[in-house]
Amino acid sequence: MGSTEGEDSVILITEDKDENPVESSVVLIESSEEFPLEKKNMDEIVDDECEVIVTFCKRAKVMPHARYDCMTHPFERAECETSCPLGRNTEMCGQCYCYICDKLAAECKDWVTPSLCHCNAHNKSKYWKDQWHFALTGGLAMFNLELSEIDVDIQHGGVLLQKFIHDISMEYNKYLSGERIPSDYHKCYCHRKLGPGQCDDCGLRQMCVIYRYTPVFDLVTTHLNQAENEKPKAEVIVLLGAAKEIMLHKDPFTYSQTFDPLGSVNQAVPCLMVRITRRLQRLLVLNEFPKPLYDKFIGFYQSIPLPVHCSTFSNSLNFMTWHHSLLTSVLKGQNVTGRRTQKGKKEYLCEIFPVIEARIERMENRQEYKELIRYLKVVKCSDSKWMQKQRDKIPLYMCRSGDFVGATQALFNVFSKSSCTACRLSPSQFEGYLKMFRTGQAPLGRSLEVPAQWSPVAPPSSSLGEPLKLPVLLKQTFRLLHTNMSLFKNPKCWTSVIKTFSSHPVLGNDGRLTAITLKEPPQEFQQMVFRESCYILEELVAKVRTNVFLSDVFRLDLHLEAGLIFAVTALRQMVLQEYRSLGSFLDIILAFRNNFWALKLLIESLACHEKALCGIVGLIITDLHYRKAEMLELCRRRGPQYVGDLLCLFLTSRDRNVPSIGISIINVIVDNLQECHWAKQVGYFLQNSTKAFGWAAYEVSSFIAISQTLP
């Protein structure tokens, strides 16, 4: 007894008890005059042959079904046919479903798409079953992953890979079909031509077929760009699947070379593989994938059949894992050479630069600076210039680990046949090292040349993490300058030196040195330190010995003042040697800030060298002419007291050339008097000064009178 659309109905079947009673007792009765199916109230109909008593008949309701099971439209089967539909396979009823997409056939986008043709799919073909399983798992079937290994990220990667293969298959099919263009606009390069528009061998007339792989290349690139924004596991799935897919691409038999460098498979695919393999190397080094999953990724890549034009990529992923015994021994400091002998065979820690770059990034992110230093000292790379740049960062990593003394020594270490790191420092790097040595802090960024947040170095022991003591800092600073002549001649470097030795050993909130105003020491002390500094600098220049001894003068209460005097002495030495090659000097003057006594010492020490002093004065006046706005802004920030003291220093100098600097500053202020509201206070300061201005008195009096006109 059963219920159909609210009505009770009874169907009586035979009592024959065969082994398969269902098949022997059910008979499909089609609609006919003898058996009208729509008639609800009907007499019993008995079929003597089948011994079936029909008590009720109703037209069957068509249920959803795969296209190959459709009873309305015939289906033609083949093991693998994707180029075009077979027979009447494109026809469908309203309940036909696509076997691959698992959606209504009318909604399948690839029902008749060349190279896909889902209309031909059925469950009796291994190829189509694999396609169905591929669609079901989102492209993960080829990786042979366990269910426990498929997490959300991997599943998402499978979906992305499925879309990638779908889009690339369609574009690749277009490539194989070629583009037909008028032969008047394109020559046939594969054969000789008899005449206009006709090829001797292929017989093309008026139209030519060209093949351009560039659209496929661009589409692959787009998908790879999108994959880089995904999580590591998902990106690895896409990259590996993409590598396998493009390895199957081939140029058509009738392919002819074009002017497009990426127009052929043999040229474009290696370019794509370079990007894919480098990205895979980076991901596999940076991320700690479970070992079974890691091994499956490597095994999948090695199983990809590489054509001849991609044979060089066969060992791209054959590099040491983090757990490799040789690499581990190097990182722990147990192996300081990077080589070992095992079973009579020598093994070296030699890696390609993408792998080295990824290892550096990972150890930087984890602040494993000691391990990173050990690694960089011994690892070998075919790109020697690139490797040199990485080793030049060893002093920086030593500073970050708290070993500032070791960092100063590392600056002069020589690796292989190259020169020391100090010889290649830029002015900004030099400034960064001075700041680290002075304050005991280090930048968090990956480069000294890029502004970054600075933070104190956490000392791993009581002997580390402290800034350099002043005598050591003095010796190493000027040893650096005399080792690298490009730094020695650069005014920016000397500006950094003056700022460093006239600042607190603590960085401000903005990451800049905080200036300190030192009280002027006695003249006897200044002259004593000046003479000793000259002797020490002579030894450094002559390179008699690098471990120059500094007397107790640099360790007493006035050690900061002594350090600044030492810097002034070194600056004087540079001016006497290189004043003709200097391009600027104003920043050096301004770096003294309120330590006018030290600036006065510099000027007086140059008094007996008229040519050098005249050259410096000329540079400063030229700077003032071209940097008026910058100078006025600095005067506004430092205040009228600073401007008055600076003017008095220059205007009261006994040298006939130096007062012209003060007069130039006054002229800059007068020319922009309406913007300098502080100029009136500077005028009062000069008016109340007890110093004699000498032959500059007229210019001072005029400035005082003009400044009084300000409101």
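Using the Cβ atoms and a cut-off under 14 Å, what net charge is assigned to the surroundings of ILE237, where Lys and Arg are +1 and Asp and Glu are -1? So the surrounding residues net to -1. Rounded to the nearest 20 debye, the dipole size of the range 70-155 about its Cα centre is 440 debye, using +1 on the Cβ of Lys and Arg and -1 on the Cβ of Asp and Glu. For the residue pairs LYS346/LYS380; LYS233/LYS291; LYS370/LYS417; LYS163/LYS296, alpha carbon separations beyond 18 Å are given by LYS370/LYS417; LYS163/LYS296.
Indicate the gyration tensor shape class of the range 627-711 (rounded, prolate or oblate), computed on the Cα atoms with a ≥ b ≥ c the square roots of the eigenvalues: a/c under 1.5 is rounded; otherwise a/b larger than b/c is prolate and the rest oblate. Because a/c hits 1.5 or more and a/b exceeds b/c, the range 627-711 counts as prolate.
In this structure, ASN688 and ARG446 have a Cβ-Cβ separation that, at R0 = 51 Å, corresponds to a calculated FRET efficiency of about 0.45. Annotation for ASN672 and ASP383: the two label points, set 7 Å from Cα along the Cα-Cβ direction, are 4.6 nm apart. Amide H contacts for TYR97 (H built 1.01 Å from N in the peptide plane; partners 5 or more residues away or on another chain; cut-off under 5 Å): HIS65, ALA66, ARG67, ALA105. For the range 547-691, the percent of C-alpha pairs falling in each 10 Å distance bin, counted from 0 to the bin holding the largest distance, reads 10, 38, 33, 15, 3, 0. The charge dipole of the range 499-538, taken about the Cα centre with unit charges on the Cβ atoms of Lys, Arg (+1) and Asp, Glu (-1), comes to about 160 debye, rounded to the nearest 20.
Listed by chain and number, the lysines whose alpha-carbon sits under 20 Å from that of LYS469, ignoring those within fewer than 8 places in the same chain, are LYS435, LYS499. Ranked by the mean number of other Cβ atoms within 10 Å of their residues, highest first, the peptides 420-427, 145-152 come out as 420-427, 145-152. The range 95-139 and the range 554-628 have their alpha-carbon centroids 82 Å apart.
3J(HN,Hα) along the range 562-569: 5, x, 5, 5, 4, 5, 5, 4 Hz, from the Karplus curve 6.51 cos²θ - 1.76 cosθ + 1.60 with θ = phi - 60°, whole Hz, x for Gly and Pro.
Residues whose amide H comes within less than 5 Å of that of LEU145, counting only those at least five positions distant or on another chain, are absent (H built at 1.01 Å from N in the peptide plane). Here each label is just a point 7 Å from Cα along the line to Cβ, and for LEU104 and LYS346 those points are 7.3 nm apart.
Is the shape of the range 573-638 rounded, prolate or oblate, going by the alpha carbon gyration tensor and its root eigenvalues a ≥ b ≥ c, with a/c under 1.5 for rounded and a/b larger than b/c for prolate? Because a/c hits 1.5 or more and a/b fails to exceed b/c, the range 573-638 counts as oblate. Once the Cβ-Cβ distance of ALA141 and LYS489 is raised to the sixth power relative to R0 = 56 Å, the FRET efficiency obtained is 0.25. Below 14 angstrom from the Cβ of VAL668, what's the summed charge of the other residues (Lys, Arg +1; Asp, Glu -1)? Within the 14 Å Cβ shell, the charges total -3.
On the basis of the beta-carbon distance and an R0 of 30 Å, HIS65 and LEU176 show a calculated FRET efficiency of 0.35.
Every read-out reported here was derived from the displayed coordinates using simple, explicitly stated rules and does not represent laboratory data. Worth saying up front: this structure is predicted, and the values here are computed from it rather than measured. Positions of Cβ are generated from backbone atoms using ideal geometry, with glycine treated the same way; all protein chains shown enter the neighbour counts.
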